[in-house]
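S.K.: Encoded as structure tokens, here's the structure I'll be asking about.
Every number here is computed from the coordinates shown, using simple stated rules; none is lab data. Everything quoted here is computed from the prediction, not taken from an experiment. FYI the Cβ positions are ideal-geometry reconstructions off the backbone, even for glycines, and counts take in every protein chain you see.
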Amino acid sequence: MGSEGRQATSVLYYVHDPMCSWCWGFAPVLAQLLQRLPAEIRVMRLLGGLAVDSDQPMPVELQRTIEATWQRIQERIPGTQFNYDFWRQCAPRRSTWPACRAVIAARAQGDEFDERMTRAIQLAYYTQARNPSDEHTLLELADELGLDSNAFAAALAGKAVQQQLLEEIERARQLHATGFPSLVLDAAGSIWPIAVDYNDSVPVLEMINGLR
């Protein structure tokens, strides 16, 4: 994607899932990166859709695997918070598409709600032991963000939001962004994967500046 004019605007794609624990760990560095990013680089957020819709309980073995991943993230990214009560107080399901759709449904009420809903889902999941796989949690978050609750609920259940999610997942695949989080730079039509550093935005920014 490029802007009209003599010079194409570079696009930095951020491919994520609001229920991806590594994306949660990356959030502080991502915020620093976006603050320091040159103005001529446009940022596009894409939802990667980590886990499809499911009403089945998450197997205990998988629960333990993800809980161990949280512990590993805390070791690798100091300061990352997780509330392990989630695994005892909630009924986990391997289903992140509802949360992804919630981000799209929120975005329909203003672009700023993309990031705000993502953040709200992350805080609910990782620090408040609330389950974003459950629709009632997502409706609560929309209300807490001050969204039009009726419009949000209708969008969340609508075909248009689901179609948008599928299109973003496909776009992420076209960019070869198969893991989350992923950063991909489109510099005048040339596609470059950008290495993610979970503790420092400087090398990420240097790589981007070297390619644009």
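S.K.: Rounding to the nearest 20 debye, state how big the charge dipole of the chain is about its Cα centre with +1 on each Lys and Arg Cβ and -1 on each Asp and Glu Cβ.
M.R.: 340
S.K.: Also, quick follow-up: Which longest run of the chain has no exposed loop site in it, a site being GluC sites (Glu not before Pro) in a DSSP loop with at most 13 other beta carbons within 10 Å, and the site itself not part of the run?
M.R.: In the chain, the maximal stretch lacking such sites is 41-212.
S.K.: What's the angle, to the nearest 10 degrees (0 to 90), between helix 135-144's Cα axis and the longest principal axis of the chain?
M.R.: Long axis of 135-144 versus the principal axis of the chain: about 60 degrees.
S.K.: How big is the gap, in Å, between the Cα center of the range 100-148 and the Cα center of the range 28-85?
M.R.: Value for the Cα centre distance between the two parts: 15 Å.
S.K.: Past the 29 angstrom mark, what percentage of all C-alpha to C-alpha distances in the chain do you count?
M.R.: 26
S.K.: In the neighborhood of residue 32, defined by Cβ-to-Cβ distances under 11 Å, what is the net charge if each Lys or Arg adds +1 and each Asp or Glu adds -1?
M.R.: Cβ neighbours under 11 Å give a net charge of -1.
S.K.: If amide hydrogens are placed 1.01 Å from N in the peptide plane, which non-local residues have theirs closer than 5 Å to the one on residue 44?
M.R.: Here the answer is 12, 13, 14, since their amide H atoms fall under 5 Å of that of residue 44.
S.K.: Taking amide hydrogens as modeled 1.01 Å from N in the peptide plane, which residues meet the under 5 Å criterion relative to residue 194, leaving out close sequence neighbours?
M.R.: Here the answer is 183, 184, 185, since their amide H atoms fall under 5 Å of that of residue 194.
S.K.: A follow-up question, please. With n ≥ 4 as the cut-off for DSSP H runs, can you work out [θ] at 222 nm for the chain, using -39500 (n - 2.57) per run divided by the number of residues, rounded to the nearest 500?
M.R.: Mean residue ellipticity, 222 nm, calculated: -16000 deg cm²/dmol.
S.K.: Compute the acute angle (0 to 90°) between the alpha-carbon long axis of helix 97-107 and the principal axis of greatest extent of the alpha-carbon atoms of the chain; round to the nearest 10°.
M.R.: The answer is roughly 60 degrees.
S.K.: For the residue pair residue 74 and residue 170, what label-to-label distance in nm results when each label sits 7 Å from Cα along the Cα-to-beta-carbon direction?
M.R.: 4.1
S.K.: In the Gaussian network model of the chain, springs joining C-alpha atoms below 10 Å, which of 189, 25, 179 carries the largest mean-square fluctuation?
M.R.: For the chain, modelled as a Gaussian network with Cα springs under 10 Å, the answer is 189.
S.K.: How do 90, 20, 100 line up, fewest other C-beta atoms within 10 Å first?
M.R.: Lowest to highest Cβ neighbour count: 90, 20, 100.
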